[in-house]
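S.K.: A single structure is presented below for examination.
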Amino acid sequence: MKAEFYYSQRKYECIVVSLSQDNSPDALSDGETKELRIRNHEGEVLAVQQGQKTALRGKSRATSKVVDILKNDYYNLIKAAVNALDLAEKHRLIADKDEQIRLLNAEIAIFREKSNLSDSERAEIVQLRDQISTLSDRQNTSPFTYNQLETENKLLKRLGNNAWQNLEISSKKDLLSAYKHKYLVEADIFTENFSDYKPSCLYIANVVEREIVQVFFKNFYHFLCRQNPSHKEFTIAGVNLRPRGKYTIGNLPYLIAEEWDTFSDEILNRESLASEDRDRLYYHKFCDRKISISDRQLVNQFLVQWKHPVSLWLSRNKKAASKIDQVAKLRNLTAHPMPIYKWQFTELWLLVIGGKTKSGRSQRGILKEIHEIINGND
């Protein structure tokens, strides 16, 4: 499939080709990979393979130079080319369906020319009309097909029925929205690794804030009020607890642990994660906020009497503080102007929702861990 399009008032041609393993060291395991080629009016070609952040630019492969697709507007040019190819494919499908409908109508017209129709011929006309109706409905279908029920089933499979049923309605909506944006971004195989997953990350972080952080601090505040009826505000580990207070994800680890593992800012802020950097992605952090022994005892006392799945998870899971702090660091990336890249989003997805990556890395999500404890599966 070829397509023509205009970008910055210039005309381009584009095509996607399949490369064999012999031609591409980065080919997929099935023996081929996709390459997008964009040609300008001067005969120069920009060739980018799926998943790569560099491309070849030149009039021949032998003399081409390597360019970074995240610089000099290459990224937007690639997105425009992918959109043009998608549009061309949709037009082709519509044209094919129009031709099928025309042929079916022609068959019906032939039947109608006969004066006497048999029962089988009448039945065939009905069948032809049904086919026309089906094809017409397909033409009117949106190019982006999002099946909410199917998405719910996928989330249900990852989280487990107990977690899904106990989530607030707004949290379910946020998870569905996160999945929908993820689907939209990953539909473009040439830019998915470098597109911005920020909306999905915000939706997922909202769920953690609502289901864990706000629930914890709201109940902890009420507990403190019962312990000290004359007080309306409290400060523990630098966190001010007050009526209708708003709390961040990053506040929680300081109250529940003295040390934990979290992300290295240097590695976390990179566009991609090299395999040799994974071991350096984490470092061991010690609580650097002042919290007295009596305040820690107060937190522990609260967790013991608080009958809630979150309290059990915070008390029993030795990695709870680590996971919460890692979510907080990923959440903080959304405040930066730079995009959140696929590898960063994947870390958040695995932390909260869980799943298995293409490389075989498997992880159970926080939401599932919390609600499995109810059934004694911790």
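The values are calculated or read from the model by the stated rules, or taken from the named source; none is laboratory data. Here the structure is a predicted model, which is why all the values come from computation and not from measurement. Don't worry about glycine lacking a Cβ; one is built from the backbone with ideal geometry, like all the others, and counts go over all protein chains shown. SASA here: full protein model, heavy atoms, side chains in, ligands and nucleic acids out. Shrake-Rupley method; radii C 1.70, N 1.55, O 1.52, S 1.80 Å.
S.K.: Within 10 Å, count the other beta carbons around each residue, average over each peptide in 49-59, 296-306, and list them highest first.
M.R.: Packing order, densest peptide first, comes out as 49-59, 296-306.
S.K.: Same structure again: If you average 1/r over every pair of different alpha-carbon atoms in region 242-309 and take one over that average, what Kirkwood value in Å do you get?
M.R.: Numbers: mean 1/r = 0.0675 Å⁻¹.
Radius from the Kirkwood sum: 14.8 Å.
S.K.: What's the extension gain from Ala335 to Asn269 if we count 0.36 nm per residue and subtract their Cα-Cα distance?
M.R.: Details: separation 66, 0.36 × 66 = 23.76 nm, distance 1.25 nm.
So the chain would gain 22.5 nm between Ala335 and Asn269.
S.K.: What length, rounded to one decimal in nm, is gained on full extension from Arg289 through to Glu44, with 0.36 nm per residue of separation minus their alpha-carbon distance?
M.R.: Working: separation 245, 0.36 × 245 = 88.20 nm, distance 5.79 nm.
Computed gain between Arg289 and Glu44 is 82.4 nm.
S.K.: Still on this structure: Once amide H atoms are placed 1.01 Å from N in the peptide plane, what residues at a sequence separation of 5 or more from Glu32, or on another chain, have their amide H within under 5 Å of its amide H?
M.R.: HN-HN under 5 Å from Glu32: empty list.
S.K.: I would also like to ask the following. Step through the table entries Lys285/Lys318; Lys157/Lys368; Lys323/Lys368; Lys2/Lys34; Lys232/Lys307, compare each Cα-Cα distance with 19 Å, and write down the pairs that go over it.
M.R.: Details: Lys285/Lys318 14 Å; Lys157/Lys368 10 Å; Lys323/Lys368 13 Å; Lys2/Lys34 14 Å; Lys232/Lys307 23 Å.
Pairs exceeding the cut-off: Lys232/Lys307.
S.K.: If we sort 281-287, 240-246, 219-225 on the protection proxy, mean other Cβ atoms within 10 Å, highest first, what's the order? Please list the in-between numbers first.
M.R.: On the way: 281-287: 13.9, 240-246: 12.0, 219-225: 18.0.
Averaged packing, sorted descending, gives the order 219-225, 281-287, 240-246.
S.K.: Can you give me the % of accessible surface on region 171-324 that is carbon or sulfur? Probe 1.4 Å, all protein chains present, nothing else counted.
M.R.: On the way: 3840 of 7910 Å².
Ligands and nucleic acids excluded, carbon and sulfur give 49 percent.
S.K.: Rounded to the nearest 0.05, what FRET efficiency do Lys2 and Leu93 have when you use their Cβ-Cβ distance and R0 = 22 Å? Mind showing how you got there, number by number?
M.R.: On the way: r = 15 Å, r/R0 = 0.70.
Calculated transfer efficiency: 0.90.
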